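Single-structure report; data block below.
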């Protein structure tokens with residue numbers, strides 16, 4: 001890569017020659033934007049094979065296995081050296097170790113930190129952004145983003161006469177865009193908000209604002225919730241950007257009310273098609289991981305009582321601990337109603353609902369660990385005689401002998417196995433959570449108990465609160481999140497506030513049916529594809545202009561219908577879920593990014 005790079009002949013005249021993409025999540029896995037960047041990077045590199053730069057912060061402790069540093073080319077190195085001497089900035093150039101291996105520039109801004117007060121003073125004098133009381137969660141990205149602006153300004157000078165675009169994600173990168181607006185107006189800028197600061201704050205504080213959004217006074221609310229600096233910066237960047245974009249129609253509506261500008265374009269989040277297996281592979285993997293989940297139930301539930309594993313369905317939800325915004329309250333109440341419906345109808349199925357919601361924990365419950373060890377001991381004993389037992393079966397068949405317990409096992413073995421199973425048995429009921437929680441008044445546990453979901457033997461709906469990130473080696477199910485997902489039957493995400501809803505789309509991408517709400521960006525985007533379909537693959541819960549009680553009943557009805565499906569009907573939903581996800585692949589959706597960049601060039 002150098003300033004003399006020949007531009008691809010496949011580009012249209014309006015396409016940029018140089019693209020800078022700036023996000024706090026570049027090389028820094030802290031939120032959903034990381035997934036967006038990682039999943040679309042292959043398509044970005046295909047379209048911009050040269051002169052595509054990703055800029056992020058440098059946090060050495062987070063980069064192990066993520067980043068391979070390389071020496072930059074001489075002209076780039078000269079820019080780095082000059083900015084280090086002038087500003088105290090240090091730059092790390094290299095490959096992001098993800099599919100596509102894009103070039104990234106990570107900025108170490110520790111020695112640039114003394115500029116923080118001046119930067120905030122300039123924000124007030126130039127843009128009336130009041131950050132005098134803002135904490136480090138505001139100041140840190142502001143200092144870093146300003147450094148990004150300085151770097152882009154200098155790098156752009158290496159491409160005289162070339163068309164350049166800088167694309168910024170979220171308010172955290174915003175001061176970089178404001179800097180370029182003042183110092184390098186020839187660079188087209190794109191700003192993408194993935195959720196407005198005010199909308200997110202209202203939702204996380206249990207304010208159902210969609211129903212009265214027209215009457216909300218943003219100035220009053222940002223003061224009430226102490227988010228003035230972030231909101232004002234976000235608003236200033238929204239109006240300064242050449243092109244303003246959001247991830248969904250519902251977020252564009254929200255942004256227009258709270259930020260005062262209509263979105264020029266929507267940039268929905270997509271899937272990397274190469275990441276997801278074929279349907280044939282999905283079928284094989286589902287059986288394997290479903291059996292792993294059944295094994296988990298053997299030491300979680302079966303020490304207390306038994307039920308038919310072959311008639312058991314696995315539902316799950318996975319999210320940050322945002323009780324109201326993610327619809328955890330709605331899900332729990334609907335499960336209680338589902339439990340009643342299934343008991344009244346004498347349903348053959350059992351539903352085990354998992355809550356994959358990380359929280360503060362002390363450790364795994366001791367009883368569960370003991371049960372797991374007892375079960376492992378039993379399995380090891382069975383494995384030790386498995387070869388011998390196979391031979392006995394073969395010999396009995398060959399000699400035309402009757403196959404019985406006496407034929408297959410000696411008395412001592414059966415006696416010892418029965419003793420081990422007695423050790424496994426426990427009194428009472430299975431716990432609601434796999435771990436002891438730090439919060440004695442945990443909202444999930446409280447509502448489960450209030451709703452009567454306490455894992456009684458006659459409950460047709462069992463619940464497991466799994467309050468840690470799934471690593472694949474947690475000492476319990478020992479599954480990664482992806483493996484857990486593949487082994488499940490239905491993902492349930494009835495969010496009240498979700499600008500896009502990548503988790504639902506990802507679930508569908510693995511051929512697992514999912515449910516979302518019409519208050520999510522993805523829910524609204526897929527509405528036209530699933531309307532009136534018997535087996536939609538992705539189910540849509542109406543929450544717009546709907547009371548909670550109505551939403552709970554509707555969700556319980558959907559879950560009950562799904563629980564009654566035969567295997568063939570569940571497969572139909574898996575097929576349609578997978579088919580729907582293909583419509584939201586990056587090969588199609590990335591074109592919106594290219595269009596935004598072209599508009600930015602045209603409108604400069």
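The values are calculated or read from the model by the stated rules, or taken from the named source; none is laboratory data. The shown structure was predicted, so the numbers you read here are calculated from the model rather than taken from an experiment. Cβ sites come from the backbone with ideal geometry, for glycine too, and all protein chains shown count toward neighbours.
Return the only residue of 296, 354, 315 being modelled with pLDDT of 95 or more and farther than 30 Å from residue 497 by Cα.
Answer to the check: 296.
Pull up the stretch 264-282, narrow it to residues that are touching a helix residue (DSSP H, G or I) at 6+ places or on another chain (Cβ under 8 Å) and assigned to a helix (DSSP H, G or I), then point me to the one that is surrounded by the most Cβ atoms within 10 Å (Cβ to Cβ).
282
Any idea which of 261, 294 is surrounded by fewer than 19 Cβ atoms within 10 Å (Cβ to Cβ), assigned to a loop (DSSP other than H, G, I, E, B) and touching a helix residue (DSSP H, G or I) at 6+ places or on another chain (Cβ under 9 Å)? Explain how you work it out, then say what you get.
Numbers: 294 fails: assigned to a loop (DSSP other than H, G, I, E, B).
Selected residue: 261, the only one of 261, 294 that is surrounded by fewer than 19 Cβ atoms within 10 Å (Cβ to Cβ), assigned to a loop (DSSP other than H, G, I, E, B) and touching a helix residue (DSSP H, G or I) at 6+ places or on another chain (Cβ under 9 Å).
Output the residue which, of all residues in the stretch 114-130 that are assigned to a helix (DSSP H, G or I) and touching a helix residue (DSSP H, G or I) at 6+ places or on another chain (Cβ under 6 Å), is nearest to residue 30 (Cα to Cα).
The extreme case among them is 116.
Could you please give the count of residues in the stretch 203-234 that are closer than 24 Å to residue 191 by Cβ and surrounded by 14 or more Cβ atoms within 10 Å (Cβ to Cβ)?
Number of matching residues: 18.
Are there any pairs with C-beta distances below 9 angstrom linking a residue in the stretch 72-92 that is within 15 Å of residue 157 (Cβ to Cβ) to a residue that is modelled with pLDDT under 95 and crowded, with 19+ Cβ neighbours inside 10 Å, with the two at least 6 apart or on different chains, and if so which?
none
Can you find, within the stretch 337-357, the residue that is nearest to the chain's Cα centre (by Cα) among those that are in a helix (DSSP H, G or I) and surrounded by 21 or more Cβ atoms within 10 Å (Cβ to Cβ)?
338
Taking residue 532 as meeting all but one of (1) at pLDDT below 95; (2) touching a strand residue (DSSP E or B) at 6+ places or on another chain (Cβ under 7 Å), write down the number of the exception.
Of the numbered conditions (1) at pLDDT below 95; (2) touching a strand residue (DSSP E or B) at 6+ places or on another chain (Cβ under 7 Å), the odd one out for residue 532 is (2).
Taking the condition over 19 Å from residue 18 (Cα atoms), loosely packed, with under 14 Cβ neighbours inside 10 Å, modelled with pLDDT of 95 or more and over 23 Å from the mean Cα position of the chain (by Cα), does residue 118 pass?
yes
Please find, within the stretch 486-514, the residue that is nearest to the chain's Cα centre (by Cα) out of those that are in a loop (DSSP other than H, G, I, E, B) and under 22 Å from residue 194 (Cβ atoms).
The residue in question is 501.
For residue 491, indicate whether it is in contact with a strand residue (DSSP E or B) (Cβ under 8 Å, 6 or more places away or on another chain), on the phi > 0 side of the Ramachandran plot and in the same structural domain as residue 347 (by TED's automatic domain parsing).
no
If you go through the stretch 244-251 one residue at a time, do you hit one that is surrounded by fewer than 24 Cβ atoms within 10 Å (Cβ to Cβ), touching a helix residue (DSSP H, G or I) at 6+ places or on another chain (Cβ under 7 Å) and over 20 Å from residue 36 (Cα atoms)?
Within the stretch 244-251 (the criterion being surrounded by fewer than 24 Cβ atoms within 10 Å (Cβ to Cβ), touching a helix residue (DSSP H, G or I) at 6+ places or on another chain (Cβ under 7 Å) and over 20 Å from residue 36 (Cα atoms)), the answer is no, since none of the residues qualifies.
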